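Undergrad: Starting off with a structure, shown below.
The values are calculated or read from the model by the stated rules, or taken from the named source; none is laboratory data. Since this is a predicted model, take the numbers as computed values, not measurements. Don't worry about glycine lacking a Cβ; one is built from the backbone with ideal geometry, like all the others, and counts go over all protein chains shown.
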Amino acid sequence: MTDEDVYNRFATFVATNDASIDPNVSSVNIMRQVFDMPLLEDRAFMSQYQQSYNFKEVTNVINEFEESKMTMGFKNFDDYYKDMRDNEP
């Protein structure tokens, strides 16, 4: 599984005009923001189907992939994905 696959599996879509909701946090923390609860540390874990209880932390993979997209000159993720679609073979 590539870093991009891991990143995409943890992507969230936040459709709101509420400026107090930060869309750049984990899905658990998005719900905690909605219900005005204290936030948890943003960490992500995943496992393979064959070993469903053998969790590996992928927080660094997600953060590094996100940073690499930003250093490629894209202002936001929409621009990144638009560029990917435009340059498909």
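Undergrad: Search the range 68-89 for residues being surrounded by fewer than 10 Cβ atoms within 10 Å (Cβ to Cβ) and in a helix (DSSP H, G or I), and hand back the single one that is modelled with the lowest pLDDT.
TA: Here the answer is THR71.
Undergrad: Which residues, counting only those in the range 25-51, are of a type in the set (D, E, K, R), assigned to a loop (DSSP other than H, G, I, E, B) and surrounded by 11 or more Cβ atoms within 10 Å (Cβ to Cβ)?
TA: Result: ASP42, ARG43.
Undergrad: Next up: Considering only residues that are under 18 Å from GLU67 (Cβ atoms) and part of a loop (DSSP other than H, G, I, E, B), which ones fall in the range 1-11?
TA: THR2, PHE10, ALA11
Undergrad: Ok, one more. Can you name the condition, by its number, that ASP22 falls short on among (1) at pLDDT 80 or above; (2) among the charged types (D, E, K, R); (3) outside any loop (DSSP other than H, G, I, E, B)?
TA: Failing condition for ASP22: (3).
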